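The values are calculated or read from the model by the stated rules, or taken from the named source; none is laboratory data. Owing to the predicted nature of the structure, the values given are computational and were not obtained by experimental measurement. As a convention, Cβ positions derive from the backbone with ideal geometry for all residues, glycine included, and neighbour counts pool all protein chains shown.
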Ligand code: PRP
Ligand code: URA
């Protein structure tokens, strides 16, 4: 069974409350998601491997630690996942970014694939899949299946808000993938939106509604 990490640092809770507010506009929503992604990134990258490097301080030579940043890939699920990329890139600027395009069919609520472009050496990388919303879990689970089919073996999922249904699906389909969320909400409604949630993340991020 994978581990569910709920990263509920006070700064994150505060920023998420503003994002949830229906009166918060796209500009603030985007900025807050960016800031939260960076704060969550601190925990998600906690076990990144370190290399020994030789450096010289003003006093002496020493063997120091440096993260093997070139081994990381960030994979946003389009569209809303795009809003979490820069926060992580601020922490690991040399990470590669791949894109997986999925949308939920409005009738069936099942994910439909429309785009996939990944770093050529994706199977060698530690992969962080990002998407603010983990609702039914269908999109995240399908994206991770696509990555596993390309040979990825070290995958983490970073979301903002999760529903119990989505967490359960992920843990059933991908017990090897740890999940990081900022909040575990109550349930899904009849339209498979997270309650209380924050509405449609893609529309709020890009101002399309
Ligand atoms: C949203 C969200 C997730 C998905 C979550 O995307 O960004 O990708 O729904 O729902 P699920 O867990 O039930 O699959 P959406 O399909 O609205 O596409 P968009 O980001 O392009 O708006
Ligand atoms: N997608 C969203 O953007 N929000 C939800 O609550 C569920 C799916």
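Condition first: touching a residue at least 40 places away in the same chain (Cβ under 8 Å), within 13 Å of ligand 1 (Cβ to nearest atom) and more than 21 Å from residue 12 (Cβ to Cβ). Now tell me which residues in the range 175-190 satisfy that. Within the range 175-190, 188 is the sole residue that qualifies.
When residue 203 is tested against (1) more than 16 Å from the chain's Cα centre (by Cα); (2) in a loop (DSSP other than H, G, I, E, B); (3) within 13 Å of ligand 1 (Cβ to nearest atom), exactly one condition is not met: (2).
In this structure, residue 145 does satisfy being loosely packed, with under 15 Cβ neighbours inside 10 Å, within 16 Å of the chain's Cα centre (by Cα) and away from ligand 2 (no atom under 16 Å from the Cβ).
Any residue that is within 16 Å of ligand 2 (Cβ to nearest atom), over 18 Å from the mean Cα position of the chain (by Cα) and without any contact (Cβ under 8 Å) to a residue 12 or more places away in the chain - is there at least one of those in the range 49-65? No, there is no match, as no residue in the range 49-65 is within 16 Å of ligand 2 (Cβ to nearest atom), over 18 Å from the mean Cα position of the chain (by Cα) and without any contact (Cβ under 8 Å) to a residue 12 or more places away in the chain.
The lone criterion from (1) outside any strand (DSSP E or B); (2) within 13 Å of ligand 1 (Cβ to nearest atom); (3) touching a residue at least 12 places away in the same chain (Cβ under 8 Å) left unmet by residue 171 is number (2). Here the condition is being assigned to a loop (DSSP other than H, G, I, E, B), away from ligand 1 (no atom under 11 Å from the Cβ) and modelled with pLDDT of 95 or more; of 153, 145, it holds for 153 alone.
Of 82, 118, all but one fail to be within 16 Å of ligand 2 (Cβ to nearest atom), farther than 21 Å from residue 168 by Cβ and modelled with pLDDT of 95 or more; the exception is 82.
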